[in-house]
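Below is one structure, written out as structure tokens; the observations come after it.
The values are calculated or read from the model by the stated rules, or taken from the named source; none is laboratory data. Model, not experiment: these values are computed from the prediction. All Cβ positions, glycine included, derive from the backbone under ideal geometry; neighbour counts span all protein chains shown. Ligands, DNA and RNA are stripped out before the accessible areas are found, and what is left, the full protein with its side chains, is counted by its heavy atoms. Shrake-Rupley method; radii C 1.70, N 1.55, O 1.52, S 1.80 Å.
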Amino acid sequence: MTQTLVTPPEACSHLVLYGVSWEMYEQLLAIFAENPTPRMSYYKGTLELRTPLQEQERYSWTLGRLITALSEELKLEIRGLKSTTWRSQPKALGKEADECFYIQNERAIRGKLKINLAVDPPPDLAIEIDTTHSSVNQMDIYAELKVPEVWRWQQGKLSLYCLTEAGYVESENSLAFGSFPVKELRRFMQLDSEKGENARLREFRQWVRSQLQQ
């Protein structure tokens with residue numbers, strides 16, 4: 001097993017290990033089970049451990065709140081599982097999203113405390129906050145986990161990707177929210193020194209209602 005330690009700006013710890021067995025990966029998951037950091041991505045023997053930046057956590061929390069509020073306004077049931085670890089031993093991969101949600105398949109997992117991807121569907125929507133370079137292709141992991149939709153936030157832009165037989169394809173519309181203009185959520189993601197988080201959430205709800213009236 002070899003390793004590379006990268007310490008980029010903002011003191012974000014980034015450790016990459018190569019030649020890691022599945023057994024070692026599961027041991028590390030167990031060790032860090034009571035501590036949400038570091039975040040781990042495992043792909044066919046390569047393990048990346050990353051401590052999220054405050055910026056990443058802030059955008060993740062904000063986007064998660066917006067998605068939850070949007071689902072309420074659209075009268076959709078939703079279940080959020082934040083950075084739950086999703087893994088598949090046969091495919092030798094595992095991933096912790098920044099946020100993840102069941103929406104279309106919420107009913108299938110309703111009431112379950114433990115979700116098993118061998119019999120249960122994967123999350124309908126995963127969120128990736130890209131603030132630093134990753135050594136593991138996160139989209140490859142999501143594709144093999146069969147996550148239908150991934151939203152990526154990077155440099156003030158919100159991009160939507162839907163899974164096809166050829167892999168992820170960028171889309172204007174969301175599988176979970178249909179034709180609703182979800183890319184406009186970026187307007188409510190930016191920091192605002194004049195408004196608090198709850199005030200902006202109330203403004204977002206008003207905007208959603210105005211869209212539904214059109």
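Based on Cα contacts under 8 Å between residues 6+ apart, region 77-161 shows a relative contact order of 26 percent. Counting only lysines at least 8 places from Lys195 when in the same chain, those with an alpha carbon closer than 30 Å to its own are Lys75, Lys82, Lys157, Lys183.
Which of rounded, prolate or oblate describes region 84-180 when judged by the alpha-carbon gyration tensor and an a/c cut-off of 1.5? Intermediate results must be reported in sequence, preceding the final value.
Numbers: a/c = 1.64, a/b = 1.20, b/c = 1.37.
It is oblate, given that a/c is not under 1.5 and a/b is not larger than b/c.
Calculate for the chain the 222 nm mean residue ellipticity that helices alone would give, adding -39,500 (n - 2.57) per DSSP H run of length 4 or more and normalising by residue count, nearest 500 deg cm²/dmol. It comes out at -8500 deg cm²/dmol, rounded to the nearest 500.
Would you mind getting the accessible area per residue of region 26-138, heavy atoms of the protein chains only, 1.4 Å probe, in Å²? Before the final figure, lay out the partial values.
Details: 5460 Å² over 113 residues.
So region 26-138 comes to 48 Å² accessible per residue, rounded to a whole number.
For the chain, with all protein chains present and a 1.4 Å probe, just round the carbon and sulfur fraction of the accessible area to a whole percent. Summing carbon and sulfur atoms, their accessible area is 49 percent of the total for the chain.
If you work out log10 I(q)/I(0) by the Debye sum over Cα atoms at q = 0.08, 0.11, 0.12, 0.18 Å⁻¹ from the coordinates, which of [x] -0.29, -0.55, -0.66, -1.41; [y] -0.34, -0.62, -0.72, -1.28; [z] -0.32, -0.54, -0.61, -1.22 do you get? From the options [x] -0.29, -0.55, -0.66, -1.41; [y] -0.34, -0.62, -0.72, -1.28; [z] -0.32, -0.54, -0.61, -1.22, the structure gives [x].
For the chain, the longest principal axis of the alpha carbon atoms and the long axis of helix 22-31 meet at an angle near 60°. Against the main long axis of the alpha-carbon atoms of the chain, helix 54-73 sits at an angle near 50°.
Based on the mean of other beta carbon atoms within 10 Å per residue, what is the order of 56-62, 196-202, most packed first? Kindly include the intermediate steps, with their values, before the conclusion.
Numbers: 56-62: 19.0, 196-202: 13.0.
Packing order, densest peptide first, comes out as 56-62, 196-202.
Overall shape: oblate for region 157-214, with the ratio a/c of the largest to smallest alpha carbon gyration tensor axis at 1.5 or above and b/c at least equal to a/b.
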